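The values are calculated or read from the model by the stated rules, or taken from the named source; none is laboratory data. The structure displayed is predicted, hence computed values, not measured ones. Using ideal geometry, Cβ is built from the backbone for each residue, glycine included, and neighbour counts are taken over all protein chains shown.
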Amino acid sequence: MKFCSQCGSPVEWRIPEGDTLPRHVCGSCTAIHYQNPKMIVGCVPEWEDKILLCKRAIEPRYGLWTVPAGYMENGETTSQGAIRETLEEAHARVEIGSLYALYNVPHVNQVYILFRARLLDLDFKSGTESLEVKLFAEHEIPWQQIAFATVRNTLKRYYEDRITGEYPFHSGTIDPATARALMEPGKRT
């Protein structure tokens, strides 16, 4: 950020009075411009013993598979965002269930919030951000082509939980080393 969005004057990178972290501060009107993590909301859409995945038509990770998810918008709840993202990416209608996973990804300033969801029907197709959408049974999951460590970890937990029939809330932090390890070919941990 170079200029203040309130008055147009140049900003400085400094620790404002009463704060502990450097921020963009306007030298003229003294507005403090906070930059906070992006919230990613989405779901694991279920239909019988299958889940719906989307093949990405955008970067990052173009051509790889993910659950429907994306940036939360102002003025919406996390579950509303998950419903909207599923509709945008897969033209799929879902009923949002329980909060299932929350992953901190501090090295890219993101927080992933993922719900379990039930597909309401089989009327789905690719949205503008998806090359393809498809239902997958567990043995069909393209593990080598999962786009993000957060999604790989969520799917791993989902299939472990399905064995017991109990789906507790999962949380954790994905750091760069963990992300690389999770994304190595042949890994599911």
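Screening the stretch 10-35 for residues that are among the polar types (S, T, N, Q) and free of Cβ contacts under 8 Å to residues at least 24 places away in the same chain and picking the one that is surrounded by the most Cβ atoms within 10 Å (Cβ to Cβ) gives 30. Check 180, 152 and return the single one that is without any contact (Cβ under 8 Å) to a residue 40 or more places away in the chain, crowded, with 17+ Cβ neighbours inside 10 Å and not in a loop (DSSP other than H, G, I, E, B). Residue meeting the stated conditions: 152.
Are any of the residues in the stretch 115-124 modelled with pLDDT of 95 or more, within 14 Å of the chain's Cα centre (by Cα) and in a helix (DSSP H, G or I)? Show your work before the answer.
Applying the first criterion (modelled with pLDDT of 95 or more) to the stretch 115-124 yields 115-124.
Checking the rest, the ones that are also within 14 Å of the chain's Cα centre (by Cα) come to 115-116.
When the remaining residues are screened for being in a helix (DSSP H, G or I), the result is none.
Scanning the stretch 115-124 turns up no residue that is modelled with pLDDT of 95 or more, within 14 Å of the chain's Cα centre (by Cα) and in a helix (DSSP H, G or I).
What about residue 101, is it among the small types (Gly, Ala, Ser), closer than 27 Å to residue 138 by Cβ and part of a strand (DSSP E or B)? Quick ask: steps written out before the conclusion?
Details: among the small types (Gly, Ala, Ser): yes; closer than 27 Å to residue 138 by Cβ: yes; part of a strand (DSSP E or B): yes.
Yes; evaluated as a whole, the condition is true for this residue.
Annotation: residue 107 fulfils all but one of (1) over 17 Å from the mean Cα position of the chain (by Cα); (2) of a type outside the set (Lys, Arg); (3) in a helix (DSSP H, G or I); the unmet one is (1). Residues in the stretch 156-166 that are aromatic (Phe, Trp, Tyr) and surrounded by 17 or more Cβ atoms within 10 Å (Cβ to Cβ): 158 only. Close contacts from the stretch 131-143, counting a first residue that is under 18 Å from residue 156 (Cα atoms) and a second that is among the charged types (D, E, K, R) and at pLDDT 95 or above, with Cβ to Cβ under 7 Å and a gap of 6+ residues or different chains, come to 135/50; 136/50; 137/49; 137/50. How many residues does the stretch 62-99 contain that are hydrophobic (A, V, I, L, M, F, W, C), buried (at least 20 other Cβ atoms within 10 Å of the Cβ) and farther than 24 Å from residue 166 by Cβ? Residues flagged as hydrophobic (A, V, I, L, M, F, W, C), buried (at least 20 other Cβ atoms within 10 Å of the Cβ) and farther than 24 Å from residue 166 by Cβ within the stretch 62-99 amount to 5.
For residue 102, the test of being more than 17 Å from residue 50 (Cα to Cα) and surrounded by 14 or more Cβ atoms within 10 Å (Cβ to Cβ) is passed. Restricting 51, 58 to those that are assigned by TED's automatic domain parsing to the domain that holds residue 161, β-branched (Val, Ile, Thr) and either within 30 Å of residue 6 (Cβ to Cβ) or assigned to a loop (DSSP other than H, G, I, E, B) (or both) reduces the list to 58.
Just one of 51, 96, 58 is touching a residue at least 24 places away in the same chain (Cβ under 8 Å), among the β-branched types (Val, Ile, Thr) and touching a Ser or Thr at 6+ places or on another chain (Cβ under 7 Å); which is it?
On the way: 51 fails: touching a Ser or Thr at 6+ places or on another chain (Cβ under 7 Å); 58 fails: touching a Ser or Thr at 6+ places or on another chain (Cβ under 7 Å).
Residue meeting the stated conditions: 96.
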